[in-house]
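What follows is one structure encoded as structure tokens, with my remarks underneath.
Each reported figure results from applying straightforward, stated rules to the coordinates on display, with no laboratory input. What you are looking at is a predicted structure, and each value in this text was computed from that prediction instead of being measured. Neighbour counts run over all protein chains shown; Cβ positions are idealised from the backbone, glycine included.
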Amino acid sequence: MLLNIMLVLILLIGIFIGFAGYSWAEDRNGPALTVPSKEELFKMLEQMPVSEDPSTLYEEPVGAMCYDTAAPLDRVQYICPECGEMTLYDSMFGSKIENLQTYRALVKKIKKIKVKLDESQFCDKCNPDVSYPQFCLIVKLDKNKEAQKTCGITETDINLIYDYSEGKIPLSDIMYLFEER
Ligand SMILES: [Zn+2]
């Protein structure tokens with residue numbers, strides 16, 4: 001920014017000297033050119049458009065997010081059902097958050113085995129250290145077995161668990177969900 005102003009100033013001083021020299025030379029032979037006064041130069045300087053490099057013009061104020069009551073257009077709100085905290089995501093995660101309703105509805109459909117959608121990675125308060133949040137499922141395949149947690153699940157994964165719970169597909173078809181991925 002300062003550099004831009006300095007460049008403009010140097011340019012204007014150059015013009016000034018150029019004009020002065022030209023009019024001085026002209027004085028002897030013909031009518032003098034109007035030399036802009038210092039005040040006029042400053043006026044010109046004020047009217048000059050400033051460089052629109054966005055990196056120098058716009059800086060997001062620190063802490064602004066704390067005071068936002070509504071999410072700006074390119075932000076998506078996530079409200080944690082566990083603690084009620086609101087986390088704002090930029091559009092990169094927007095589609096993921098929009099999937100949330102679908103995920104919740106799909107998990108609700110599963111009645112014959114215990115399945116819980118764990119979306120806590122999306123909450124800044126519950127999981128402050130997660131930078132790339134994923135949806136997880138906590139599944140209790142059998143009442144004699146311990147509940148297992150699997151993360152990074154997709155709609156297809158949830159549908160397969162549903163199919164298994166309804167006896168449409170064998171357990172082996174969903175075991176990939178509980179292996180290291
Ligand atoms: Zn939370």
Quiz item: Taking 0.36 nm per intervening residue step and subtracting the Cα-Cα distance, what contour gain separates Arg75 from Arg104 on full extension?
Solution: 8.3 nm
Quiz item: What Rg and what Dmax come out for region 66-178 when only alpha-carbon atoms are used, in angstroms?
Solution: 15.6, 51
Self-check item: Over 24 Å between alpha carbons, listed pairs Lys96/Lys143; Lys140/Lys168; Lys125/Lys145; Lys96/Lys168
Solution: Lys96/Lys143; Lys125/Lys145; Lys96/Lys168
Quiz item: Of the GluC sites (Glu not before Pro) in region 74-181, which ones lie in a loop per DSSP and count no more than 14 other C-beta atoms within 10 Å?
Solution: Glu82, Glu85, Glu146, Glu166, Glu179, Glu180
Quiz item: Given H placed 1.01 Å from N in the peptide plane, which residues other than close sequence neighbours of Val76 have an amide H under 5 Å from its amide H?
Solution: Tyr89, Asp90
Practice problem: List every residue whose amide H lies under 5 Å from the amide H of Lys114, counting only residues 5 or more places away in sequence or on a different chain, with H placed 1.01 Å from N in the peptide plane. | Solution: Lys140
